[in-house]
Amino acid sequence: GNKLAVGVVVLSATGGLFACSSVQTQYTARAAQEFAARPSPAALVLEPADVAALPDPVKRYLVYVGAVGQPRPWNMRAEFDAEMFQKPGAAPLAAVSEQNNFFDEPVRLFYMRSRMYGAPVGVFHDYGRGQAAMRVRVANLFDAVDLQGRDLFQAETVTMLNDMAVMAPGSLADPRLSWRPLDDRSA
């Protein structure tokens with residue numbers, strides 16, 4: 001009779017695995033890798049002396065948000081629901097996101113899932129160690145977007161700084177950051 005042939009393709013971990021695995025799996029693996037690479041930090045408190053040399057707008061902001069007197073953030077995790085718009089006036093797309101940011105060696109890992117035209121869509125941003133990549137994968141079958149390079153790295157650096165200011169403001173007192181006052185209200 002007729003026989004059904006079943007083929008199995010095994011991809012090497014160094015080559016094709018990235019191309020066929022889901023972006024959620026990639027995000028989860030990268031987050032685990034980053035957590036495993038870091039020892040548990042000592043709980044150092046952000047003291048008034050740590051912010052004394054910062055420009056007044058930055059210092060006032062850190063006091064206002066209550067960061068002074070609290071432990072310095074070493075990493076953060078956020079989960080949130082969002083609505084995205086493909087273009088002005090379009091109906092919103094519901095999305096669920098999660099991210100992990102690490103501040104000792106700046107790394108930002110962002111994963112979002114949504115649906116477009118009924119198909120599941122996963123988005124993974126991987127920023128750190130001098131590189132940035134963004135993938136948008138549709139139905140876990142093909143990449144609709146696969147970006148990397150200098151422009152993306154610069155954009156993701158700005159996003160990392162925004163995350164620090166909004167979600168982990170105590171990280172703005174990091175001595176590796178350089179601040180320059182512009183006026184009484186901005187730096």
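Summary of computed values
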item: Histogram of C-alpha separations across region 48-98, 5 Å bin width, %; result: 4, 15, 15, 12, 10, 10, 13, 12, 6, 2
item: For residue 44, solvent-accessible area (1.4 Å; no DNA, RNA or ligand), Å²; result: 90
item: Per residue, in Å², the accessible surface of region 79-181 once ligands and nucleic acids are set aside, probe 1.4 Å; result: 57
item: Helix-derived mean residue ellipticity, 222 nm - over the chain, DSSP H n ≥ 4, -39500 (n - 2.57), to 500; result: -7500 deg cm²/dmol
item: Cα-projected label distance for residue 180 with residue 147, points at 7 Å along beta-carbon direction, nm; result: 2.7
item: Per residue Cα convex hull volume in Å³ - calculated over region 85-187; result: 146
item: Surface accessible to a 1.4 Å probe, residue 105 within the full protein complex, Å²; result: 80
item: Label-point gap, in nm, between residue 94 and residue 117 - each point 7 angstrom along Cα→Cβ; result: 2.1
item: Pairwise centroid distance, computed over Cα atoms, of region 59-76 with region 82-142, Å; result: 27
item: Interchain or long-range residues, amide H under 5 Å from residue 121's placed H; result: 114, 115, 116, 139
item: Isotropically averaged projected area of region 19-110, using the convex hull of Cα atoms (one quarter of hull area), nm²; result: 9.5
item: Vicinal HN-Hα couplings computed from phi for region 171-182 (Karplus, 6.51 cos²θ - 1.76 cosθ + 1.60; Hz; Gly/Pro x); result: 6, 5, 8, 4, x, 6, 7, 10, 10, 9, x, 9
item: Inter-site label distance for residue 104 and residue 83 at 7 Å from Cα along Cβ, in nm; result: 4.1
item: Order of exposure, largest accessible area first, which applies to 51, 158 with probe 1.4 Å; result: 158, 51
item: Accessible area of region 38-187 belonging to carbon and sulfur atoms, whole % at 1.4 Å probe; result: 57
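The values are calculated or read from the model by the stated rules, or taken from the named source; none is laboratory data. Just so we're clear, the structure is a prediction, and the values are computed from it rather than from any experiment. Heads up, the Cβs are rebuilt from the backbone with ideal geometry, glycines too, and the neighbour counts pull from every protein chain shown. SASA here: full protein model, heavy atoms, side chains in, ligands and nucleic acids out. Shrake-Rupley method; radii C 1.70, N 1.55, O 1.52, S 1.80 Å.
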